[in-house]
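Notes follow once the structure below has been shown.
All of the numbers you see were taken from the coordinates with simple rules; none came from a lab. Note that the structure is a prediction, hence the values are computed from the model and not measured. No Cβ is skipped: glycine too gets one built from the backbone with ideal geometry, and neighbour counts run over all protein chains shown.
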Amino acid sequence: MSIVVVGSVAFDTVQTPFGRAEAIVGGSATYFSLAASQFTAVNVVAVVGEDFGERELAVFGGKQIDLGGLERAPGKTFRWGGEYSYDLNSRETLFTELNVFETFQPKLPPSYRQTDILFLGNIHPSIQLQVLEQVESRRLVAIDTMNLWIETTPAELRAVLKRVDIVLINDSEARELAREFNLMRAARAIQAMGPRLLVIKRGENGVLLFNEEHVFVAPAYPLETVFDPTGAGDTFAGGFLGYLAQGQALDDEGLRRAIVFGSALGSFCVEDFGTRRLEKLTRDEVVDRYRRFKRLTHFEDIEPGE
Ligand code: AMP
């Protein structure tokens, strides 16, 4: 089974109340692939500049991550800076330097065109469409998007939504896309635009999964140390889809387990700056946290009359 991710590989500068990290390796495809590679082989489609050297590539080293679709273009790598206050749920973008990302035209290597799962990270919807055109067969397509595309390219985004199975977005984006404040109603409105499944990420408040009939809720794992929330959403997506790419059925039970694996991976991501925690994460730690999630949320039914 295989998974293809199209997204950003970046240099991030991150300021949180607990410290600062300058020009560390980040990007949606980076976080996604580190998480998904816990479960399955990952094929990365992204672009970097000439400033992205061996030291940076080492972040992906020793993992089942194929960089055959990582293009090296003349110029500088995409750079992003963000700052968090004590409310780690909201952040301010300090700068976005697109650099080589500005003219990025993703090209899937021939061996990537038949894939089990395709994840289109948060990029321009018309580029997401271009990638979809290149895929010859797939079981599942999932996308992320953001307020910028909802506001500036609504028609292109609608065209993408008609062709995908799963959308992963945060709660404010869901409300904006559906033009509906109530999240339950917003979810149904988004599903009516095309996707069968919808995942709404709510940061410290956990995540909601909507399929045709059911809603499933998972909390965020209660942690004593949270250093840097950057990448948690993409890491969640990597854990969620990576688990499904192992050949899991897309039924309610399989999807629930995938949501918990996604939440487990996201919880590791925020424990240290950048990709540091994910780089050294072991399979045993992932399984242990999955089981802790089960204990955390399990409760017994009541007896009649109780
Ligand atoms: P998340 O915290 O999951 O939303 O993802 C944060 C990551 O997204 C950072 O590592 C950034 O490098 C990357 N990022 C931020 N803005 C953009 C953008 N406009 N396009 C692509 N990637 C971005």
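Of the chymotrypsin sites (Phe, Trp or Tyr not before Pro) found in segment 220-306, those in coil by DSSP whose Cβ has at most 12 other Cβ atoms within 10 Å are F299.
Phi angles of segment 277-282 translate, via the Karplus equation with coefficients 6.51, -1.76, 1.60 and θ = phi - 60°, into HN-Hα couplings of 5, 5, 4, 9, 5, 9 Hz per residue; Gly and Pro are given as x.
What order do you get for F216, F95 when you list them from fewest to most C-beta neighbours inside 10 Å?
On the way: F216 16, F95 9.
Ordered from fewest to most neighbouring Cβ atoms within 10 Å, F216, F95 come out as F95, F216.
Please report how far the C-alpha centroid of segment 76-108 lies from that of segment 193-215, rounded to the nearest whole angstrom. Using only Cα atoms to place each centre, the spacing works out to 25 Å. Rounded to the nearest 20, the Cβ-based charge dipole of the chain about its Cα centre (Lys and Arg +1, Asp and Glu -1) stands at 500 debye. Across the options A174, T225, A21, the greatest Cα extent toward the positive end of the charge dipole of the chain (unit charges at beta carbon of Lys, Arg, Asp, Glu) belongs to A174.
Structural descriptor for segment 189-293: relative contact order 24 percent, calculated from alpha carbon pairs under 8 angstrom and at least 6 residues apart.
The Cα atoms of segment 2-297 define a convex hull whose projected area, averaged across directions, is 13.9 nm². Working from Cα pairs under 8 Å separated by at least six residues, relative contact order for segment 2-297 is 18 percent. Footprinting exposure proxy ranking of R72, R256, R289, fewest other C-beta atoms within 10 angstrom first, gives R72, R256, R289. Segment 124-148 and segment 1-75 have Cα centres lying 19 Å from one another. For segment 248-259, putting each phi into the Karplus relation 6.51 cos²θ - 1.76 cosθ + 1.60 with θ = phi - 60° gives couplings of 5, 5, 8, 8, 4, 5, x, 5, 5, 4, 4, 4 Hz, in residue order, rounded to whole numbers and with x for Gly and Pro. Of all DSSP bridge pairs formed entirely within the chain, close to 40 percent run antiparallel.
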